[in-house]
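Readers should treat all values here as calculations from the given coordinates under stated rules, not as data from a laboratory. From a predicted model like this one, the values you see are computed outputs, not experimental measurements. Quick reminder, even Gly has a Cβ in these numbers, built from the backbone with ideal geometry, and neighbours come from all protein chains shown.
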Amino acid sequence: MESIDCVICGKQSQSPFETVFDRLGENENTFHLVRCTCGFVFLNPRPTQTEIQNYYNVPDYDPHHEKQGNVWDSVYKFVQTVTLKWKYRKILPFEELGFLLDIGGGQGEFANYMAEKNWYVYFQDDHSTIKRTLISNTIQSYRHVKQIPDDVEFSVITLWHSLEHIHDVDFVFTYISEKLVEGGVAAIAVPNLNAPERKIFRSAWAPYDAPRHLYHFNLQSLEDICEKYKLTVIRKYSMFQDAPYNILLSLTPLNPIKLIKAFFITLYAWIYTAIRGPKYSSSILLLCQKQ
Ligand SMILES: [Zn+2]
């Protein structure tokens, strides 16, 4: 385990925020979330980059596992299909075609989708459980962005729910601000600490996902970190599609009563977000531009 300073303001002064269990773990280990004086919430101490691998190599880890059939697997797949198109449409007004890097691209669904739209796609993910066969032949695939040739620049860099998993945030943001072409766009999506349903689930809120989720952004802290690295925020979006999945996952193991409960909590979360905007969405998407 390692202790860290705040990745946004660099301060060491933190207060306890929440104690959480590993929702996929077999033992009762607890993890501690802290809140910095700047307001940012993160896991501290946290497993090192080497130690964290054990927490991904579990059969039930959702974005990586292949098992089909139960309710939330089906929900996940459905949401994913709808979301791919949604993500593409958010980028299109700024960049119609070019070089794209997907950082922490999971099983490569978005990379494949963009390759099919004739983008030149570079893909990075360092978790060995991912099946490489899912990646289209035209995609350049890397375990680490440091392996990407130096002369490649990108018009779009995407981090779909991957920023909260990355140990070296300073490296990744420096990389983004160097490798984006002028006017290029970074699309960053993360779970939102201000999601209305978090207060219902408390420490069982699935997006805490300790110790795999190292940071818990809200709209303000995500804007702060983008601006720290001179990326100008140009759009903010609510990700309504993430609410049902996060809610079902928080209620797992499911039964008929919990499914009814999930329906009403989702309805509540959607209405709350519709009225109050991305600041209170289950997940948020920020588009930033290199000026
Ligand atoms: Zn801070």
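Quick rundown of the values:
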| item | result |
| --- | --- |
| Overall form of region 68-290 per C-alpha gyration tensor (a/c, 1.5; a/b vs b/c) | prolate |
| Residues whose placed amide H lies under 5 Å from that of Ile157, excluding near-sequence neighbours | Leu101, Val185, Ala186, Ala187 |
| Estimated FRET transfer efficiency (Asp168, Leu92; beta-carbon r; R0 30 Å; 0.05) | 0.45 |
| Cα gyration tensor, region 240-291 - rounded (a/c under 1.5), prolate or oblate | oblate |
| Antiparallel bridges, percent of DSSP beta bridges restricted to the chain (to nearest 5) | 60 |
| Additional length obtainable on full extension of the chain from Lys146 to Leu254, 0.36 nm per residue less Cα span | 34.7 nm |
| Extension reserve of the Leu267-Thr232 stretch, reckoned as 0.36 nm per residue once the Cα distance is removed | 9.3 nm |
| Region 218-291 - percent relative contact order, Cα under 8 Å, separation 6 or more | 52 |
| Long pairs among Lys11/Lys199; Lys77/Lys117; Lys228/Lys261; Lys87/Lys179; Lys11/Lys90; Lys228/Lys279, criterion Cα-Cα beyond 29 Å | Lys228/Lys261; Lys11/Lys90 |
| Distance in nm between pseudo-label sites at Lys85 and Ser3 (7 Å out along the Cβ direction from Cα) | 5.1 |
